[in-house]
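A.B. asks: Just dropping this structure here.
The values are calculated or read from the model by the stated rules, or taken from the named source; none is laboratory data. All figures in this text were calculated on a predicted structure; none of them were measured in a lab. Cβ placement follows ideal geometry from the backbone for every residue including glycine, while neighbour counts extend to all protein chains displayed. For accessibility, only protein heavy atoms count, side chains too; no ligands or nucleic acids. Shrake-Rupley method; radii C 1.70, N 1.55, O 1.52, S 1.80 Å.
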Amino acid sequence: MSTAEKPRPISTAHTMGNIRVYNTLTRTKEPFTTVVRGKVGMYLCGPTVYKEAHIGHMVGPVIFDCVKRYLTYCGYDVTWVVNITDVDDKLIAEANRRNLPMSQVATEMTADYVANLKALGVDQIDEMPKATEHIPHIIQFIQGLIDKGYAYASEGDVYFEVGKDDDYGKLSNRTADSQQGEGGDMAARKRAAGDFALWKQSKPGEPSWDSPWGTGRPGWHIECSAMSHAILGETFDIHGGGLDLIFPHHENEIAQSECFHGKPMVRYWMHNGLMKASSATGKVGGRADREHATADGAEEAAAGKISRSKGAGGLAELIRRQGGDRIRFFLLRTHYRSTIVFDEPGLEEAGTALESFQRFFERVQRVTGTSFYDMSAPATRAEGQFEAGDNALLQSVRAARDEYLAKMDDDFNTGGAVSVLFELLRSLNKFADQNKLEEADQRRAEDVAAFRRGVTTLKELSSIMGVFQQPPAAAAAGEDTGLVDGLMQLIIDIRTTARKNKDFATSDRIRDALAQLKITLEDRKGETGWRRES
């Protein structure tokens, strides 16, 4: 757009709390201010649904699910939109390969995507618009760009004229001349190589819609501009996506939307790091030491990302093998702008870390008589505040809570926040040990009360992460849990009798045989428990 028509700054901005967000557009952390006080509009680019989802598709949804949880916890009313691209060249090609209607392939793959989101605890999405449901609005948007002189029709196609936008490249630091356009027949219909398609004329037999320029379908970039505008308005607060989308997708979204509306499209552009395969991963629960990704490193990061072209896939099978909680925990253990190094040993480490919490939750049940999962916890930041007095445990719990919130206020640093959860876990376990809370005849009521208050804070903070929401599956599908529990109790009783009779050979044989089956016995005062290791 011309200098005189550059987007007008937003006249009002509203701040709540001390949250700071790294904005890809400015390359700096900025205080979080919203267009409308107390409300947040957030848009995340979703998948093109032509194949089953792979784990790379879950990075953004898990991260932004956590972002919404935290903003809600801090008092914001958040509307989160994740779009579905259900018309695209890749989708048409896959439908032709399978000899199925494009809509059927899209429906199947959307169902797969949604099922995987559910398995990973992503349940905060408010709307999932589909491109095909917004065709009239997309056509209206394109016509508006033509009327304003930023787009032109050419032999059934419509293109955005990049040279007309003086601000083009401000997100990715690219110039209009560096924009690589489509080749083939489309190149001959464009005024400049960098001009990109808003509307593509359909080929015989392809899905199409009527438009002022002939039958065709929308381009990829215009879909998101139109859908975000329809649901969140001309200017909204957060637009998320992977680093690989900065250029050309998000750059083109900005050009379309800001030329059409004459005002900023988004206050904060948040880009998560990508996932790459490797045999090396950091320690779960330790301090994240990976470099944060930036827009300038987007190409480099994208080059090594996990994608279908690199053999990724089978997410549903991975979830069956590893469990959704473990995968979610794995994805949140580092800062969202960092590259996530993926391999199954790393997931196994995440599982081991989760088991330390599960063992603690069993301890909570023994000490308090209440399941961790049934405990109520503060749902907002204000509700979670409490007076620690001179109680050393509660002072350490409050300090941990303050540190956790400081991490999340600092650009939603889930990696740092996870580390605080481990510190809090260690403090609570140490307190339970020192004060003999599992020995009913020795523990004091005031110690149990302090312990319970600390556990409540642990639940409060872990809920922001979306972890430990439900008990882990007690048994595999089809397994009779009552029978298993009865058999295990019988084995434990036999071992206990052997130990009383000083038949240690039998006792050890039972323990070792169970260990080979990945079943661990835990001897506690007055009883023996058991657990199945994953």
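A.B. asks: Mind checking which residues of the stretch 353-379 are acidic (Asp, Glu) and either in contact (Cβ under 8 Å) with a residue 40 or more places away in the chain or buried (at least 16 other Cβ atoms within 10 Å of the Cβ) (or both)?
C.D. replies: From the stretch 353-379, those acidic (Asp, Glu) are 355, 362, 374; that's our starting set.
Listed by number, the residues that qualify are Glu355, Glu362.
A.B. asks: Might you check whether a residue that is modelled with pLDDT of 95 or more, under 14 Å from Lys459 (Cα atoms) and surrounded by 14 or more Cβ atoms within 10 Å (Cβ to Cβ) occurs anywhere in the stretch 332-344?
C.D. replies: no
A.B. asks: Continuing with this model, one more query. Can you run down the residue pairs with Cβ atoms below 7 Å, 6 or more apart or on separate chains, where the first is in the stretch 491-516 and farther than 19 Å from Arg532 by Cβ and open to solvent by less than 90 Å² (accessible area, probe 1.4 Å) and the partner is not in a helix (DSSP H, G or I) and not acidic (Asp, Glu)?
C.D. replies: Once the first residue is farther than 19 Å from Arg532 by Cβ and open to solvent by less than 90 Å² (accessible area, probe 1.4 Å) and sits in the stretch 491-516, its partners that are not in a helix (DSSP H, G or I) and not acidic (Asp, Glu) give Thr496/Thr528.
A.B. asks: Can you confirm whether the stretch 432-439 contains a residue that is within 32 Å of the chain's Cα centre (by Cα), in contact (Cβ under 8 Å) with a residue 60 or more places away in the chain, under 22 Å from Ser356 (Cβ atoms) and part of a helix (DSSP H, G or I)? Step through it out loud before you land on a result.
C.D. replies: The initial filter retains those residues of the stretch 432-439 that are within 32 Å of the chain's Cα centre (by Cα), namely none.
For the stretch 432-439, residues within 32 Å of the chain's Cα centre (by Cα), in contact (Cβ under 8 Å) with a residue 60 or more places away in the chain, under 22 Å from Ser356 (Cβ atoms) and part of a helix (DSSP H, G or I): absent.
A.B. asks: Kindly evaluate Arg308 against the criterion of being at pLDDT 90 or above, open to solvent by 20 Å² or more (accessible area, probe 1.4 Å) and either touching a His at 6+ places or on another chain (Cβ under 7 Å) or of a type outside the set (A, V, I, L, M) (or both). Give the derivation first.
C.D. replies: On the way: at pLDDT 90 or above: no; open to solvent by 20 Å² or more (accessible area, probe 1.4 Å): yes; either touching a His at 6+ places or on another chain (Cβ under 7 Å) or of a type outside the set (A, V, I, L, M) (or both): yes.
Answer is no for this residue.
A.B. asks: Which one of these is of a type in the set (Ser, Thr, Tyr) and either part of a loop (DSSP other than H, G, I, E, B) or closer than 22 Å to Gly156 by Cβ (or both): Ser211, Ser228, Ser257?
C.D. replies: Ser211 is the lone residue from the list that is of a type in the set (Ser, Thr, Tyr) and either part of a loop (DSSP other than H, G, I, E, B) or closer than 22 Å to Gly156 by Cβ (or both).
A.B. asks: Now, a different point. Taking the condition of being outside any strand (DSSP E or B), among the hydrophobic types (A, V, I, L, M, F, W, C) and open to solvent by 40 Å² or more (accessible area, probe 1.4 Å), how many residues in the stretch 13-53 meet it? Explain how you work it out, then say what you get.
C.D. replies: Let us first name the residues in the stretch 13-53 that are outside any strand (DSSP E or B), namely 13, 24-27, 35-38, 45-47, 49-53.
Remaining after also requiring among the hydrophobic types (A, V, I, L, M, F, W, C): 13, 25, 35-36, 45, 49, 53.
After this cut, where a residue has to be open to solvent by 40 Å² or more (accessible area, probe 1.4 Å) as well, the list is 13, 25, 36.
Residues meeting the conditions: 3.
A.B. asks: If the requirement is being without any contact (Cβ under 8 Å) to a residue 60 or more places away in the chain, in a strand (DSSP E or B) and over 30 Å from Ile55 (Cβ atoms), which of these qualifies: Ala193, Ala197, Ala153, Ala187?
C.D. replies: Going through Ala193, Ala197, Ala153, Ala187 in turn, the sole match is Ala197.
A.B. asks: Take the stretch 58-116 and flag every residue that is of a type in the set (D, E, K, R) and out of contact with any Gly (no Cβ under 7 Å at 6 or more places or on another chain). Let's see the steps before the verdict.
C.D. replies: Just the residues of the stretch 58-116 that are of a type in the set (D, E, K, R), to begin with: 65, 68-69, 77, 86, 88-90, 94, 97-98, 108, 112.
Within the stretch 58-116, Lys68, Asp86, Asp88, Asp89, Lys90, Glu94, Arg97, Arg98, Glu108, Asp112 meet the criteria.
A.B. asks: Can you name every residue in the stretch 54-75 that is under 14 Å from Ile464 (Cα atoms) and not in a helix (DSSP H, G or I)? Lay out the reasoning, then the answer.
C.D. replies: Step one: of the stretch 54-75, the residues under 14 Å from Ile464 (Cα atoms) are 62-75.
Once the filter is applied, which keeps residues that are under 14 Å from Ile464 (Cα atoms) and not in a helix (DSSP H, G or I), the stretch 54-75 yields Cys74, Gly75.
A.B. asks: Another question, if that's okay. Take the stretch 260-282 and flag every residue that is assigned to a loop (DSSP other than H, G, I, E, B) and at pLDDT 95 or above. Give the steps one after another, and end with the answer.
C.D. replies: Start the filter on the stretch 260-282 by keeping residues that are assigned to a loop (DSSP other than H, G, I, E, B), which leaves 262-265, 273-274, 278-282.
Correct list: Gly262, Lys263, Pro264, Met265, Gly273.
A.B. asks: Another question about this same structure. Run down Gln469, Gln489 and say which single residue is at pLDDT below 95 and touching an Asp or Glu at 6+ places or on another chain (Cβ under 9 Å).
C.D. replies: Details: Gln489 fails: touching an Asp or Glu at 6+ places or on another chain (Cβ under 9 Å).
Selected residue: Gln469, the only one of Gln469, Gln489 that is at pLDDT below 95 and touching an Asp or Glu at 6+ places or on another chain (Cβ under 9 Å).
A.B. asks: Give the stretch 248-282 a look and list any residue that's open to solvent by 40 Å² or more (accessible area, probe 1.4 Å) and among the aromatic types (Phe, Trp, Tyr), or say none.
C.D. replies: Phe260
A.B. asks: Would a scan of the stretch 295-303 turn up a residue that is assigned to a strand (DSSP E or B) and modelled with pLDDT under 90? Spell out how you get there, then give the answer.
C.D. replies: So in the stretch 295-303, the residues assigned to a strand (DSSP E or B) come out as none.
The answer is no, given that none of the residues of the stretch 295-303 is assigned to a strand (DSSP E or B) and modelled with pLDDT under 90.
A.B. asks: Would you point out which residue out of Ala382, Ala406, Ala399 is open to solvent by 30 Å² or more (accessible area, probe 1.4 Å), farther than 20 Å from Asp433 by Cα and not in a helix (DSSP H, G or I)? Before the answer, list the steps.
C.D. replies: Details: Ala406 fails: not in a helix (DSSP H, G or I); Ala399 fails: not in a helix (DSSP H, G or I).
Going through Ala382, Ala406, Ala399 in turn, the sole match is Ala382.
A.B. asks: Suppose the filter is of a type outside the set (S, T, N, Q), closer than 13 Å to Gly219 by Cβ and not in a loop (DSSP other than H, G, I, E, B); does Val158 pass it?
C.D. replies: Details: of a type outside the set (S, T, N, Q): yes; closer than 13 Å to Gly219 by Cβ: yes; not in a loop (DSSP other than H, G, I, E, B): yes.
Against the criterion (of a type outside the set (S, T, N, Q), closer than 13 Å to Gly219 by Cβ and not in a loop (DSSP other than H, G, I, E, B)), Val158 qualifies.
A.B. asks: Ok, one more. Touching a Gly at 6+ places or on another chain (Cβ under 6 Å), over 30 Å from Asp402 (Cβ atoms) and modelled with pLDDT of 95 or more: is that true of Val162 in this structure? Give the derivation first.
C.D. replies: Working: touching a Gly at 6+ places or on another chain (Cβ under 6 Å): yes; over 30 Å from Asp402 (Cβ atoms): yes; modelled with pLDDT of 95 or more: yes.
Yes; evaluated as a whole, the condition is true for this residue.
A.B. asks: Also, I was wondering about something else. Restricting to the stretch 224-247, name every residue that is β-branched (Val, Ile, Thr) and open to solvent by less than 10 Å² (accessible area, probe 1.4 Å).
C.D. replies: We begin by selecting, within the stretch 224-247, every residue β-branched (Val, Ile, Thr); these are 231, 235, 238, 246.
Result: Ile238, Ile246.
A.B. asks: Restricting to the stretch 122-139, name every residue that is surrounded by fewer than 22 Cβ atoms within 10 Å (Cβ to Cβ) and either of a type in the set (Gly, Ala, Ser) or without any contact (Cβ under 8 Å) to a residue 24 or more places away in the chain (or both).
C.D. replies: If the condition is that a residue be surrounded by fewer than 22 Cβ atoms within 10 Å (Cβ to Cβ) and either of a type in the set (Gly, Ala, Ser) or without any contact (Cβ under 8 Å) to a residue 24 or more places away in the chain (or both), then Glu133, Pro136 are the ones that fit.
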